[in-house]
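This report concerns only the one structure given below.
The values are calculated or read from the model by the stated rules, or taken from the named source; none is laboratory data. Values in this document were obtained by computation on a predicted structure and should not be read as measured data. Counting neighbours? That spans all protein chains shown, and the Cβs are built from the backbone with ideal geometry, glycine included. Accessible surface areas use protein heavy atoms only, side chains included; no ligands, DNA or RNA. Shrake-Rupley method; radii C 1.70, N 1.55, O 1.52, S 1.80 Å.
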Amino acid sequence: MKYSSQLIEKAVESFSSLPGIGKKSALRLALYLLNKDPEWVRSFSDSFVRLRNELKECEECHNLGDDTECSVCKDKHRNQDIICVVESIRDLMAIEETRHFNGLYHVIGGLISPIDGIGPDQLNIDDLADRIQKRNIKEVVMAISPNIEGETTMFYLSKKLKSLNVKISTIARGISFGGELEYADEITLGRSILSRIPYMLYDAETSA
Amino acid sequence: MFLKHLQLIRFKNYESLEIDFAEGIHILTGNNGQGKTNLLDAIYLLCMTKSYFQYSEKNLILFGNDFFRVKGTFIKNNQPMVIDCKYRLHGTKSFVKDDKEVKKYASFIGTLPVVMITPADIQLIEEGSEERRRFLDMSICQVENTYTENLNKYNKLLRQRNSHLKTISNQSGKKDELLEFYDDEMARLSVMILFSRQKFTDEMSGQYKELYGILSSGMERVKMEYRPDCIGDVKEFKEMFTRNLQKDILLERTTHGIHRDDIEFYIEDMPVKRVGSQGQIKSTIFAAKLSQYQWLKKFTSTLPILLLDDIFDKLDHNRVTNLLKIIDSNIYGQIFITDTYKERIRSILPELNKSFKCFTIQQGQIDKYE
């Protein structure tokens with residue numbers, strides 16, 4: 001497409017460099033901005049610049065926040081004995097949404113996958129061990145996807161943390177809520193049967 | 001089970017084609033490059049979700065187009081089943097069974113069992129063990145869903161393990177935590193895969209001998225043997241990985257395991273690979289594939305579709321007549337046979353008891369004739 005202005009072209013290029021945005025959507029967004037108040041556009045673009053420059057990684061748990069201590073770590077009402085280990089910030093946010101976990105987090109920043117060049121050294125695992133010892137943590141919950149890379153990471157974590165006096169658990173896996181047994185795959189169904197739980201506990205509102 | 005209706009759109013050299021088939025034998029003739037093999041491959045694709053020749057989807061599109069579609073109506077247990085496979089360039093493949101997207105190919109494969117025999121199968125004998133493992137895997141995965149899942153998982157772990165080996169420089173030979181995990185998991189899967197492969201080869205070796213005998217008019221003594229790279233239980237597999245660790249680190253790959261298994265075919269106790277004539281190699285392939293057919297038939301409780309591409313290729317007249325005698329019996333279901341010469345195949349057809357239909361294929365068009 002030919003644009004009447006190089007400025008428009010540049011803006012379209014910028015938008016379309018974002019994931020999931022094509023040239024046409026990019027043009028629509030660029031033209032939309034032209035209709036807005038200049039001050040609005042400035043604060044809009046400013047929000048990204050500030051995001052990139054000012055966002056801090058928590059020195060304790062690697063969550064992102066406005067400070068080097070994130071809002072979760074700051075909150076002294078949270079259970080200081082339990083740490084939930086997650087792959088990424090997105091998983092942390094998903095668990096926070098459930099409102100069923102009131103402990104601390106540790107974002108390891110990926111899963112072990114030698115094919116992708118990610119070994120244990122590339123992840124925030126060593127400082128997790130330090131943290132457990134220093135803070136006298138009682139339990140570590142591994143909330144990690146149960147695929148091959150996730151299983152590898154959980155195995156590695158459990159080996160690393162074995163010598164520490166800490167309980168290690170993993171989130172339950174099995175039939176999802178609203179799911180139908182008939183359509184569950186054999187592995188999931190098989191595991192659900194093996195790790196069955198007493199019925200009364202089934203919908204007990206337990207939060208850590 | 002049989003294919004009743006087939007529709008091809010922008011698939012290989014087919015612009016657009018719709019055709020009806022019936023039970024029994026179908027003879028497709030036409031010159032080279034007219035689309036005989038492509039038609040068989042389309043049927044194979046509907047049954048196995050993938051091209052027989054391991055073409056990637058983008059190479060199945062008619063040149064100059066950006067999508068293909070293959071749709072077939074099968075009749076299984078007197079019920080119609082519609083399979084619709086679509087692929088758009090740079091998009092994802094959609095594989096739909098009766099208006100429902102198939103999410104797990106592993107659990108679909110085997111619903112419509114199929115056996116294909118093509119001149120390219122010569123690789124089964126002449127090439128490395130990879131082709132023969134593919135023969136094992138393609139057979140077993142049609143019967144055991146868990147086999148496919150275990151095998152996929154094993155292969156993923158193997159790739160991770162190999163990548164990890166490249167990063168290890170220690171010479172101590174001591175396992176780190178990652179190797180410990182990979183070895184544990186791979187050992188567990190190895191035992192299950194080994195068991196299925198052993199069972200498959202045991203079950204079909206008798207059929208193999210018998211079929212080879214009929215094909216070659218009973219002149220030669222043959223056998224087929226599974227040659228696992230290692231055998232044992234989970235513990236022994238783990239020990240095997242540990243034993244080979246030094247070598248693995250040095251060579252930066254997993255040197256032993258079920259990914260190195262093989263099958264060996266023998267004639268008079270000599271490997272066919274080394275001593276077999278062209279005709280003997282061909283008979284070996286046909287006997288192996290037809291015993292695969294019988295095995296699939298037994299364990300899927302369905303008559304598989306048999307696709308015979310260019311059967312006269314390297315088989316003499318006697319062997320072809322013997323082959324047709326075999327497939328003429330009622331233990332074979334729907335069959336598609338291709339050949340380049342109309343006259344050649346017609347000359348032996350009167351010997352058949354089964355009903356058959358003839359088609360000519362020319363430049364992506366197909367005509368039925370009596």
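Residue by residue, here is whether (1) surrounded by 17 or more Cβ atoms within 10 Å (Cβ to Cβ); (2) farther than 30 Å from B:Leu245 by Cβ; (3) aromatic (Phe, Trp, Tyr) holds:
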position: B:His164; (1), (2), (3): yes, no, no
position: B:Met186; (1), (2), (3): yes, no, no
position: B:Asp202; (1), (2), (3): no, yes, no
position: B:Gln207; (1), (2), (3): yes, yes, no
position: B:Met219; (1), (2), (3): no, yes, no
Practice task
Could you check, for region A:126-146, whether at least one of its residues is within 11 Å of another protein chain (Cβ to nearest Cβ), open to solvent by less than 40 Å² (accessible area, probe 1.4 Å) and under 20 Å from B:Glu185 (Cβ atoms)?
Solution key: no
Exercise for the section: Look at region A:28-66 and say how many of its residues are farther than 30 Å from A:Tyr3 by Cβ, acidic (Asp, Glu) and open to solvent by 70 Å² or more (accessible area, probe 1.4 Å). Expected result: 4
Problem - Selection count, region B:181-199, where residues are facing chain A (nearest Cβ under 10 Å) and hydrophobic (A, V, I, L, M, F, W, C) - result: 1
Handout entry: Selected residue (only one of B:Leu245, B:Leu215 is within 30 Å of B:Gln280 (Cβ to Cβ), at pLDDT below 95, more than 14 Å from chain A (Cβ to nearest Cβ) and surrounded by 14 or more Cβ atoms within 10 Å (Cβ to Cβ))
Key = B:Leu215
Practice task
Might you check whether a residue that is under 15 Å from the mean Cα position of the chain (by Cα), more than 14 Å from chain B (Cβ to nearest Cβ) and under 19 Å from B:Phe181 (Cβ atoms) occurs anywhere in region A:83-94?
Solution key: yes
Fill in the blank from the handout: Exactly one of A:Arg196, A:Arg191 is assigned by TED's automatic domain parsing to the domain that holds A:Ala94, loosely packed, with under 13 Cβ neighbours inside 10 Å and not hydrophobic (A, V, I, L, M, F, W, C), and that residue is A:Arg196
Handout entry: Inter-residue pairs, beta-carbon under 6 Å, first free of Cβ contacts under 8 Å to residues at least 24 places away in the same chain and in region B:136-164, second open to solvent by 40 Å² or more (accessible area, probe 1.4 Å), 6+ apart
Key = B:Arg159/A:Ile115; B:Gln160/A:Ile115; B:Ser163/A:Ile115
Fill in the blank from the handout: The condition from (1) farther than 24 Å from B:Val102 by Cα; (2) open to solvent by 60 Å² or more (accessible area, probe 1.4 Å); (3) not polar (S, T, N, Q) that B:Lys71 misses is numbered (1)
Practice task
May I ask you to verify whether B:Leu178 is within 14 Å of chain A (Cβ to nearest Cβ), touching a Ser or Thr at 6+ places or on another chain (Cβ under 7 Å), touching a residue at least 12 places away in the same chain (Cβ under 8 Å) and not aromatic (Phe, Trp, Tyr)?
Solution key: yes
Completion exercise
Within region B:102-135, restricting to residues that are more than 22 Å from B:Phe74 (Cα to Cα) and either without any contact (Cβ under 8 Å) to a residue 60 or more places away in the chain or aromatic (Phe, Trp, Tyr) (or both), the one that is nearest to the other protein chains (Cβ to nearest Cβ) is B:Glu130
Practice task
Kindly check whether there is at least one residue in region B:326-343 that is over 26 Å from the mean Cα position of the chain (by Cα), open to solvent by 10 Å² or more (accessible area, probe 1.4 Å) and of a type in the set (S, T, N, Q).
Solution key: no
Practice task
With the condition kept exactly as written, say whether any residue in region B:251-272 is in a helix (DSSP H, G or I), surrounded by 15 or more Cβ atoms within 10 Å (Cβ to Cβ), out of contact with any strand residue (DSSP E or B) (no Cβ under 6 Å at 6 or more places or on another chain) and within 14 Å of chain A (Cβ to nearest Cβ).
Solution key: no
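So which of A:Ala94, A:Ala30, A:Ala26 is under 25 Å from A:Arg135 (Cβ atoms) and either touching a Phe, Trp or Tyr at 6+ places or on another chain (Cβ under 6 Å) or free of Cβ contacts under 8 Å to residues at least 40 places away in the same chain (or both)?
The conditions single out A:Ala94.
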Practice task
Provide a single number: the residues in region B:29-65 that are part of a loop (DSSP other than H, G, I, E, B) and either of a type outside the set (A, V, I, L, M, F, W, C) or touching a residue at least 40 places away in the same chain (Cβ under 8 Å) (or both).
Solution key: 17
Problem - Selection status of B:Ser163, in contact with a Phe, Trp or Tyr (Cβ under 7 Å, 6 or more places away or on another chain), among the small types (Gly, Ala, Ser) and either within 14 Å of chain A (Cβ to nearest Cβ) or in a helix (DSSP H, G or I) (or both) - result: no
Practice task
Could you list all residues from region B:126-147 that are surrounded by fewer than 20 Cβ atoms within 10 Å (Cβ to Cβ) and assigned to a helix (DSSP H, G or I)?
Solution key: B:Glu126, B:Ser129, B:Glu130, B:Glu131, B:Arg133, B:Arg134, B:Phe135, B:Asp137, B:Met138, B:Asn145, B:Thr146
Practice task
Take B:Ile9 and decide whether it is in contact with a strand residue (DSSP E or B) (Cβ under 9 Å, 6 or more places away or on another chain), crowded, with 17+ Cβ neighbours inside 10 Å and within 30 Å of B:Ile345 (Cβ to Cβ).
Solution key: yes
Exercise for the section: Would you be able to say whether some residue in region A:178-185 is surrounded by 10 or more Cβ atoms within 10 Å (Cβ to Cβ), within 25 Å of the chain's Cα centre (by Cα) and modelled with pLDDT of 80 or more? Expected result: no
